[in-house]
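Engineer: Supplied in structure tokens, the structure appears directly below.
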Amino acid sequence: MRYTAFFVGEFLGTFILVFFGCGSVAVTVLFGAHVGLFQVALLWGLSVTLAIYATRHLSCAHLNPAVSIAMVIGNRMLLRKLPVYICAQLSGAFLAASVLYLLFSASITQFELNNAIVRGSTESIQTAMIFGEFYPNPGSGTNVVVSMTTAALAEAIGTFALVFFIFAITEGCNLGRPNDILAPIFIGLALAVIISIIAPLTQAGLNPARDFGPRMFAVLAGWGRAALPDDNYGFLVVYILAPVAGGSVASLFFTRFLEPLMVKKSCKCA
């Protein structure tokens, strides 16, 4: 019971993030509701902002295993809390994917019929991408070639940037940070910018829970191995290990290098 608030906060916040974020992908794939990458990226950013505002009093709103691990590495969270956070994040993401499927299952089936897509076949990544990410992004055209190494590097760099901005926007040592009330907005905007750059390569997962929960739902909902981006389980490297590595390096970079510099330079800039 001691960790109930943490679990509820991370579960609910990750649910909000995935439901609205993946929902924006769903309506774009199925109905062409949004035009251009930035519209979808901005909706992901707004989803993060809303999720943080809704739950940060309960759990500080990590909503991402890579962020939680980075906070442990940076001594911002106790290690014993980490399993509770990650379990809540994975559960919230899986439930969000389930609810999305409940809403759009008929539309997904009709889309597959109209485009002669057999669910579980290679072509069904066109609908599986609603839930889990793929590299290269199936919507980026035939000219984009992305190896597993490039995809992992993109996810690591993107998550490094995200975690760096989280620290920079929220840590008291940074006198240039926005007011705490506005911090979630700037974190959401940072995510939108990062997605706008990384998404053409990998759909910009940047969050192991956001990827793994919905992807496992897609596997169980009929997509099977088609929900995995390759035959070598590269999604484990690209969408789980790479974001954790990128976030961990960002935590070390900020806490071991930038934070001491900011503490020494305590005066405001002219």
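Engineer: Between Asp230 and Ala106, what is 0.36 nm times their sequence separation minus the Cα-Cα distance? Round to one decimal in nm.
Structural biologist: The Asp230-Ala106 span can extend by a further 41.9 nm.
Engineer: By how many nm would the segment from Asn179 to Phe31 grow when fully extended, if each residue of separation counts as 0.36 nm and the alpha-carbon distance is taken off?
Structural biologist: Result for the pair: 49.4 nm of gain on full extension.
Engineer: In addition: Can you name the helices of the chain, as whole DSSP H runs, whose Cα span along the helix axis is 20 Å or more and whose Kyte-Doolittle mean is not below 1.0?
Structural biologist: 4-31, 37-59, 82-114, 148-170, 183-202
Engineer: Rounded to whole Å and sorted largest first, list the principal axis extents of the Cα atoms in the range 4-264.
Structural biologist: Sorted from largest, the Cα extents of the range 4-264 read 63, 38, 33 Å.
Engineer: If packing is taken as the average count of other Cβ atoms within 10 Å, what order do 53-65, 74-86, 6-18 fall into, highest mean first?
Structural biologist: Descending mean neighbour count gives 6-18, 53-65, 74-86.
Engineer: With r defined as the distance between the Cβ atoms of Leu78 and Ala116 and R0 fixed at 41 Å, what FRET efficiency is calculated, to the nearest 0.05?
Structural biologist: Here the calculated transfer efficiency is 0.20.
None of the figures in this text is laboratory data; all of them are computed from the coordinates on show. If you're wondering where the values come from, they're calculated on a predicted model, not measured in any experiment. Positions of Cβ are generated from backbone atoms using ideal geometry, with glycine treated the same way; all protein chains shown enter the neighbour counts.
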